[in-house]
1. Which whole-angstrom value gives the distance between the alpha carbon centres of segment 267-301 and segment 134-151?
2. Fewest Cβ neighbours within 10 Å first, please rank 287, 128 accordingly.
3. What is the spin-label model distance, in nm, from residue 243 to residue 103 if the labels are put 7 Å beyond Cα along the C-beta direction?
4. At 4 °C and a viscosity of 1.567 mPa s, what translational diffusion coefficient does Stokes-Einstein give for segment 216-330, taking Rh as the Kirkwood radius over Cα pairs? Give it in µm²/s as a whole number.
5. Would you kindly state how much longer the chain becomes between residue 71 and residue 96 on full extension, computed as 0.36 nm times their sequence separation minus their alpha carbon distance, in nm to one decimal?
6. If we count other beta carbons within 10 Å of each Cβ, what is the order of 269, 302, fewest first?
7. With a Förster radius of 25 Å, plug the Cβ-Cβ distance of residue 298 and residue 233 into 1/(1 + (r/R0)^6) and report the FRET value to the nearest 0.05.
8. Where does each of 101, 153 land when they are ranked from fewest to most other beta-carbon atoms within 10 angstrom?
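Bear in mind that the values in this text are calculations on the coordinates, not laboratory data. This structure is a prediction, so every number in the text was calculated from the model and none was measured. Counting neighbours? That spans all protein chains shown, and the Cβs are built from the backbone with ideal geometry, glycine included.
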C-alpha cells in the first residue's frame with residue numbers, strides 16, 4: 001500500500017513538472033498552444049526510444065490497462081490510476097511509438113484533472129491542463145501534417161480544451177479556434193465551427209475586437225456550413241457511410257440554426273443599416289466594405305435598403321458578375 005501511494009505521488013509530481021515545462025511561455029493571453037516548447041523530443045533512432053526494452057514493457061502495460069478501463073466504460077478508477085505511470089513513460093521516452101497513445105493520453109489526463117479537482121488540488125489540476133494541451137502540441141511535432149489528424153484539427157481540439165478548462169482565457173481559445181478554422185477551411189468540424197462563433201462573441205464582449213468581427217466570422221462560418229450542406233452526400237456508400245454522412249449533415253444543420261439564432265442579437269436589418277451606414281458614408285470608395293455589405297445583407301435578406309443598393313452599385317461597377325447583374329436588375 002505504501003509503495004502504491006509513493007508511486008502515485010511520484011507520477012503526480014512528474015506530470016506536474018511536465019505540465020510546468022509545457023506551460024513555459026503560455027501564461028500570456030496571446031499564447032499559440034500549437035507552438036508549445038516541450039521537454040520531449042522525438043528520438044532520432046528507434047521509435048522505441050533509447051531503452052527499447054523498458055518502452056515495450058510499459059507500452060504493453062499501459063495498453064492492457066487501457067483495454068480493461070475501456071471495458072469498464074472508463075469507470076474503474078483503480079485501473080485508470082494503473083495506466084498513468086506506464087503511459088507517462090512511453091509518452092515521454094518514445095513519442096513516436098504510437099499515434100493512439102495521444103488520444104488515449106487525452107482521456108487519461110482528463111481523468112487525472114477530474115480527480116485532482118475532487119481532491120481540491122488546484123495546482124495539480126492547472127498543471128495537468130497544460131499537459132493536456134501539450135499532448136496535442138507534441139502530437140503535431142511528432143507527426144506533422146498527418147492526413148488523418150491534420151494540425152488544424154488538433155489546434156481546434158486544443159481550443160476546445162482551453163475553452164472547457166479555462167473559460168476566462170478568451171484570447172487564447174479564440175485565437176486557437178480562429179487558427180484552426182483558417183487552416184481547415186471547408187474541412188472544419190461542425191463542433192469546432194459552433195464553438196468558434198461562440199468564442200467570437202466572447203472575444204467581442206471583452207472588447208478585444210470591434211463588433212465587425214461577429215459579422216465577419218458569421219460570414220466565414222456560414223460559408224463553410226453552406227458548403228458542407230451542399231456537398232455532403234447522404235445517399236451514396238455503405239449503410240455505415242450513409243449513417244455517418246447523415247449524422248454529419250445534421251450536425252451542420254444544427255450549427256446553421258445556432259448561427260441564425262445568435263446573429264439575431266447583432267444583425268436585424270435595422271441594426272445592420274444603423275451599423276453600416278456611417279461606415280459606408282465614411283468610406284464610399286472602399287470596395288472591400290461594399291462587398292462585405294452586399295454579402296452580409298443578402299445573407300440576412302436585408303436587401304430593401306439604400307445602403308445595400310449603393311454597395312451593390314459599387315461592387316457591380318468595379319467587379320461585375322452575373323450574380324451582381326441579376327441583383328441590380330431585381331433592384332431596378
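1. Rounded to whole Å, the Cα centres lie 40 Å apart.
2. By the 10 Å Cβ count, ascending, the order reads 287, 128.
3. Inter-label distance under the simple model: 1.7 nm.
4. Reported coefficient: 81 µm²/s.
5. Stretched fully, the residue 71-residue 96 segment lengthens by 6.4 nm.
6. Ranking 269, 302 by Cβ neighbours within 10 Å, fewest first, gives 269, 302.
7. Efficiency, from the Cβ-Cβ distance: 0.40.
8. 153, 101
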